[in-house]
């Protein structure tokens, strides 16, 4: 299916920022404040995915802020489940995914939104490999893993992305409401990509800044998630 290529006027825009949260006590308040400083009409949807640190107490304070909404899972269900909750509750006409750490800079939002606001795109990916202002240098093995998963995803989806695993994915609201996500963990990234490709949507990439964490700084994805992603790439090429 194809969406109508209509621009979104500035005075019509409401951006829904969906932030999955799982044990992010050290960065949670800072990332919400950084999102709030972006000069765009928006709502912030925080989905607590069963955090066991101080995140629930921090969220209780944050939800008193105008424009911030908090949703809670009674147990940890995974990033995919948190995104599904956030997407279902979003009221905006454009939806963006924001991780709760400080790896991605919300001040990239205007550039990410531009192809959608101009009516050129239905979905925008923020690429860490099309370097904008800065990108932290990581181990070659991490780089190779990301590039391999993106290559495999491109083979099965027919897209030509440089960064399938990026956090920054932006959707027209009618697109994201129609995705019907099944994945519960980090394999939600290839699932979203496969479903976007099958709908023959207009996909753009925009370079974004990236200050990635190491595992000792709280990064949660592991090599097991890489194998899960490979299975999801193949699976969602053929099933919904």
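The values are calculated or read from the model by the stated rules, or taken from the named source; none is laboratory data. Since the model is a prediction, treat every value here as computed from it, not as a measurement. All Cβ positions, even for glycine, are placed from backbone atoms using ideal geometry, and neighbour counts span all protein chains on display.
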| note | Within segment 22-54, the residues that are farther than 15 Å from residue 96 by Cα, in contact with a strand residue (DSSP E or B) (Cβ under 8 Å, 6 or more places away or on another chain) and in contact (Cβ under 8 Å) with a residue 40 or more places away in the chain are 22, 28
| message | Let me confirm something: among 155, 131, which residue is modelled with pLDDT under 95, over 15 Å from the mean Cα position of the chain (by Cα) and not in a strand (DSSP E or B)? | response | 131
| task | Scan the strands (runs of 3 or more DSSP E) fully inside segment 1-115 and keep the ones with 2 or more residues being under 15 Å from the mean Cα position of the chain (by Cα). | result | 15-21, 42-49, 94-97
